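A.B. asks: Right, I'll just put the structure down here and ask away after.
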Amino acid sequence: MSAGKERFHYGWIILLVGFIGVMGALGFGRFAYTPILPSMKEGLSLTYTQMGWIGTGNFIGYLIFSLVGGYLATRIGPRPVISVALVLVAVSLFLTGISDSFEFAVAMRTLTGAGSAASNVPIMALASAWFASSRRGMATGILVSGSSIALLLLGPMIPFILQSFPGSGWRVSWYVLGGITLLIALLNYLFLRNRPEEKGLQPFGETIGPSPPSSSSAAFSMKTLYTSRPLWHLAGIFFTFGFSYIVYMQYFSAYLVNEARVGVERAGNYLMLLGILSIFCGPFWGTVSDLIGRKYGLALVFMTQGICYLVFGLMKSDGGYLLSTILFGLTAWSVPSIIAAAVGDTVGPRFTPAALGFTILIMGMGQALAPPIGGRIADLTGSFTSAFLLSAMVAFAGMTASLLLRKPTGN
């Protein structure tokens with residue numbers, strides 16, 4: 001008999017609560033900046049370069065605390081780290097709404113990034129603890145889909161708030177998101193558990209009985225983890241995703257509203273469509289990677305996203321904007337889900353929080369570099385076209401690096 005054949009497994013509760021946690025950590029903590037950006041830019045009289053630096057502040061906080069959060073979760077357990085970090089996200093979102101200067105906005109978005117990383121990394125690592133390798137891609141895919149539901153909510157909600165509160169709508173938006181995230185923090189504290197053993201269970205999909213660690217995971221320790229070549233390879237691939245996708249997501253609404261002139265409502269509709277399409281992309285591509293291998297799953301996703309960025313920058317028409325939105329929606333959060341599963345395959349459940357934190361740290365470097373570069377390109381050229389073309393080239397580089405991955409020993 002296997003644990004996966006039981007009528008109900010608490011791992012599904014972990015996935016549901018973690019899914020909602022990702023909504024707060026990333027969906028509200030990071031992606032809400034996209035639809036709020038145009039109004040916040042106008043309200044604080046900022047340039048695109050300054051808005052890019054505000055985004056970079058968020059990613060610097062994320063970059064630093066992805067490593068810290070992963071390390072702490074490995075040492076003291078994911079549950080307390082996730083709960084405290086989500087409270088930090090909630091408070092900093094609320095404080096972003098009272099911003100009256102560029103400097104204060106940067107500081108608050110940096111705190112949001114810190115809380116986002118310190119909660120998201122342990123949440124994603126829970127999949128390796130609660131699910132066997134054969135189900136791990138599916139599990140991480142479900143978790144990352146929390147961002148999709150957040151986008152689905154943000155698409156209509158933010159334009160409604162902006163129109164209901166002229167001039168101050170962007171502030172009210174941050175207040176509302178902070179309140180929701182505080183409730184999410186409480187939910188995670190009440191229901192998350194660190195390991196299946198706390199419920200007298202084994203990972204879902206794993207046969208009952210003692211299971212020795214794989215030879216790959218047994219070879220790691222905290223001293224050797226960060227010098228592992230396979231881990232650096234995965235981190236490099238993740239860097240290309242962080243750099244390429246964030247230019248697209250951060251300037252998605254600004255491009256459609258200010259350059260394409262489609263209007264705030266239609267831009268919100270495109271964002272909502274992206275959110276709807278991306279709901280199942282994580283579980284789908286995670287399961288695909290369970291079946292055909294992590295490297296081929298990653299390569300297919302990067303190829304699709306590279307085409308998406310090319311279309312968005314070059315096909316300046318309703319058809320081009322729609323096609324690009326569809327392509328990204330179908331693959332949006334697939335790379336994080338596959339990378340998280342690949343990290344678990346490589347280092348084993350024990351070291352997954354720390355190892356995943358390291359890969360996210362490297363990805364965060366790409367995220368920190370890209371927004372000011374994209375904003376600077378827009379300020380200099382008067383268009384985001386070249387920024388999206390740069391994203392496409394980086395995505396194709398990620399595709400090539402993915403095809404060079406090797407299967408972990410012992411898995």
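The values are calculated or read from the model by the stated rules, or taken from the named source; none is laboratory data. Note that this is a predicted model, so its numbers are computed, not measured. Note that each Cβ is placed from the backbone with ideal geometry, even for glycine, and that neighbours are counted across all protein chains shown.
A.B. asks: What are the residues in region 236-257 that are under 16 Å from residue 356 (Cβ atoms) and either crowded, with 22+ Cβ neighbours inside 10 Å or touching a Cys at 6+ places or on another chain (Cβ under 7 Å) (or both), if any?
C.D. replies: Residues satisfying the conditions are 237, 238, 239, 241, 242.
A.B. asks: Does region 10-39 hold any residues that are closer than 26 Å to residue 50 by Cβ and in a loop (DSSP other than H, G, I, E, B), and which are they?
C.D. replies: Correct list: 29, 30, 31, 32.
A.B. asks: Show me the helices (runs of 4 or more DSSP H) found entirely inside region 149-255 where at least 1 residues are at pLDDT below 90.
C.D. replies: Once the helices (runs of 4 or more DSSP H) in region 149-255 are filtered for at least 1 residues that are at pLDDT below 90, what remains is 215-218, 229-250.
A.B. asks: Criterion first (over 23 Å from residue 182 (Cα atoms) and either in a helix (DSSP H, G or I) or at pLDDT 85 or above (or both)) does residue 4 satisfy it?
C.D. replies: It is true that residue 4 is over 23 Å from residue 182 (Cα atoms) and either in a helix (DSSP H, G or I) or at pLDDT 85 or above (or both).
A.B. asks: Another question, if that's okay. Any idea how many residues of region 112-137 are touching a Gly at 6+ places or on another chain (Cβ under 6 Å), in a helix (DSSP H, G or I) and surrounded by fewer than 24 Cβ atoms within 10 Å (Cβ to Cβ)?
C.D. replies: Result for region 112-137: 2.
A.B. asks: Name the residue, out of 319, 282, that is surrounded by 19 or more Cβ atoms within 10 Å (Cβ to Cβ) and part of a helix (DSSP H, G or I).
C.D. replies: 282
A.B. asks: Of all residues in region 68-85, which are surrounded by fewer than 22 Cβ atoms within 10 Å (Cβ to Cβ) and in a helix (DSSP H, G or I)?
C.D. replies: If the condition is that a residue be surrounded by fewer than 22 Cβ atoms within 10 Å (Cβ to Cβ) and in a helix (DSSP H, G or I), then 68, 71, 75, 76, 79, 80, 83, 84 are the ones that fit.
A.B. asks: Could you grab the pairs with beta carbons closer than 6 Å, sequence gap of 6+ or different chains, first residue in region 380-399 and loosely packed, with under 15 Cβ neighbours inside 10 Å, second one modelled with pLDDT under 95 and of a type outside the set (Asp, Glu)?
C.D. replies: Listed by first residue and then by second, the contacts come to 386/377.
A.B. asks: Can you tell me which residues in region 255-308 are within 25 Å of residue 375 (Cβ to Cβ), among the basic types (Lys, Arg) and touching a residue at least 24 places away in the same chain (Cβ under 8 Å)?
C.D. replies: Scanning region 255-308 gives no hits.
A.B. asks: Ok, one more. Scan region 314-335 and report the pairs whose first residue is more than 22 Å from residue 27 (Cβ to Cβ) and whose second residue is not in a loop (DSSP other than H, G, I, E, B), with Cβ atoms within less than 6 Å and a gap of 6+ or a chain change.
C.D. replies: Close Cβ pairs (under 6 Å, with a partner that is not in a loop (DSSP other than H, G, I, E, B)) amount to 320/311; 323/311.
A.B. asks: Moving to a separate point now. I'm told residue 43 meets every condition in (1) surrounded by 17 or more Cβ atoms within 10 Å (Cβ to Cβ); (2) in a helix (DSSP H, G or I); (3) in contact with a Gly (Cβ under 9 Å, 6 or more places away or on another chain) except one. Can you identify the failing condition by its number?
C.D. replies: The failed condition is (1).
A.B. asks: Now a separate question. Do the conditions hold for residue 49, that is, is it touching a residue at least 24 places away in the same chain (Cβ under 8 Å), in a helix (DSSP H, G or I) and either over 16 Å from the mean Cα position of the chain (by Cα) or surrounded by fewer than 21 Cβ atoms within 10 Å (Cβ to Cβ) (or both)?
C.D. replies: yes
A.B. asks: What's the number of the only condition in (1) surrounded by fewer than 24 Cβ atoms within 10 Å (Cβ to Cβ); (2) over 24 Å from residue 407 (Cβ atoms); (3) touching a residue at least 60 places away in the same chain (Cβ under 8 Å) that residue 370 fails to meet?
C.D. replies: Here residue 370 clears every test but (1).
A.B. asks: Can you name the number of the only condition in (1) farther than 30 Å from residue 226 by Cα; (2) buried (at least 24 other Cβ atoms within 10 Å of the Cβ); (3) among the hydrophobic types (A, V, I, L, M, F, W, C) that residue 98 fails?
C.D. replies: Result: residue 98 fails condition (2) only.
A.B. asks: Still on this structure: All but one of (1) more than 27 Å from residue 263 (Cβ to Cβ); (2) modelled with pLDDT under 95; (3) over 15 Å from the mean Cα position of the chain (by Cα) hold for residue 399; which doesn't?
C.D. replies: Failing condition for residue 399: (2).
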